[in-house]
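This report concerns only the one structure given below.
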Amino acid sequence: MSLVVIGSVAFDALETPFGKTDKIIGGAATYISLSASYSVKPVKLVAVVGDDFPQADILLLQEHGADTEGLQIKEGEKSFFWSGKYSNDLNSRETLVTELNVLADFDPVIPDSYQDCKYLMLGNLAPAVQRLVIQRLINRPRLIVMDTMNFWMDVALEDLIATIEMVDVLSINDEEARQLSGEHSLVKAAKKIMEMGPKFLIIKKGEHGALLFHKVKETLKIFYAPALPLEEVFDPTGAGDTFAGGFIGYLAATDDISFDNMKRAVIHGSAMASFCVEKFGTERLLNLQQEEIEAREKQFADLVEVIPATSAQPA
Ligand code: AMP
């Protein structure tokens, strides 16, 4: 059940209607590993930072279950920096700055102790680098999940398609699914994207939940998980990565990749993402209790519980 995670470990500067942050710890792999650590430990991290990245933040990752043997620290270089600003309703976000810095020529090194990888999470990163990680693992993992974003569709489409071809599950948001497929209908988009390689596709719809698609021969299976209506949403940054970390963490912990178990993993990932947005950055993910995670999963179940129409009694 060994889980390897690759992705950005970064400095983020965030602006939401509720406030602004200076540079704080962020990055796709950060959110993924924090979230997955509530299901499996260790989370074997493959990433790169510059020597400006605080030792305290590396320690924080370690204290939360990350194995950092695969985390490179580049002397004299700067860490990846991303800055984003959210609209008033938090539904859209503008990227203000993307400074690749150390990510520009990231050459991922897979420690020998990571070669037992059974579950591989390719977090947001240059698709050519994501592919290198697959190629550098001696045995193909049992399950490869990939997350990506429109940035890579704009600047590295060929690489992106070549990497998508190699994975089992692709996780993207609705806008990205439309951009990648050229289809407006998400069902048509899902069919086209699964023809590119992945047997499963997750389309994230922000505050409207997530869809899980799976195509077996001519049959298309679809599962829908809502997002929990929350009283307080402060900062959606990292929600997608937290979802992905929860999803793959759950699958790795249960070691079951059936469609039915993936449905449970989607609910678990959605529960983890619902915590993430309640505070700025990674803050809410640092001290969760198993009981509150379970209580939130139960809230998800209650949210969509229906009495089958056949047993409803007319008044
Ligand atoms: P999410 O809100 O789930 O889309 O993820 C936000 C995180 O993605 C932030 O912490 C950023 O550091 C990271 N991020 C943003 N753009 C990129 C990029 N082009 N490559 C890798 N990571 C990125």
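Derivation of every value follows stated rules applied to the coordinates shown; laboratory data play no part. In this text, all values refer to a predicted model and were calculated from it rather than measured experimentally. Here Cβ is always computed from backbone atoms with ideal geometry, including for glycine, and neighbour counts include all displayed protein chains.
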Practice task
Could you bin all the Cα-Cα distances of the chain into 20 Å bins starting at 0 and give me the percent of pairs in each, rounded to whole numbers?
Solution key: 35, 59, 6, 0
Practice task
May I ask for the distance between the Cα centers of the range 255-315 and the range 1-68, given as a whole number of Å?
Solution key: 23 Å
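Give me the Å³ per residue figure for the convex hull around the C-alpha atoms of the range 151-291.
Expressed per residue, the convex hull around the Cα atoms of the range 151-291 is 122 Å³.
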Practice task
Subtracting the Cα-Cα distance from 0.36 nm times the residue separation, let me have the gained length for Ser258 to Lys279 in nm, one decimal.
Solution key: 4.2 nm
Practice task
Can you tell me the equivalent ellipsoid semi-axes for the range 219-315? Use √(5λ) from the Cα gyration tensor, largest first, whole Å.
Solution key: 26, 19, 12
Practice task
Straight distance only, please: which lysines reach the Cα of Lys192 with their own Cα at less than 25 Å, same-chain residues fewer than 8 apart left out?
Solution key: Lys204, Lys205, Lys215, Lys217, Lys221, Lys263
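What are the membrane-span-like helices in the chain by this rule: whole DSSP H runs, Cα extent along the axis at least 15 Å, mean Kyte-Doolittle hydropathy at least -1.0?
The qualifying helices are 239-254, 259-276.
Which of the trypsin sites (Lys or Arg not before Pro) across the range 181-241 are loop residues per DSSP, with 10 or fewer other Cβ within 10 Å?
Lys217
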Handout entry: Hydrodynamic radius (Kirkwood) for the range 56-152, which is based on Cα pairs only, to one decimal in Å
Key = 15.7 Å
Problem - Alpha carbon convex hull of the range 138-189, volume per residue in cubic angstrom - result: 85 Å³
Handout entry: Residue (of Leu180, Ile138, Gly123) at the positive-pole extreme of the range 108-217, dipole from beta-carbon charges
Key = Ile138
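Given R₀ = 45 Å, FRET efficiency for Ile307-Leu220 by Cβ-Cβ distance, to 0.05?
Here the calculated transfer efficiency is 0.95.
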Handout entry: Peptide ranges 107-116, 70-79, 8-17 listed from the most packed, as the mean C-beta count within 10 angstrom indicates
Key = 8-17, 70-79, 107-116
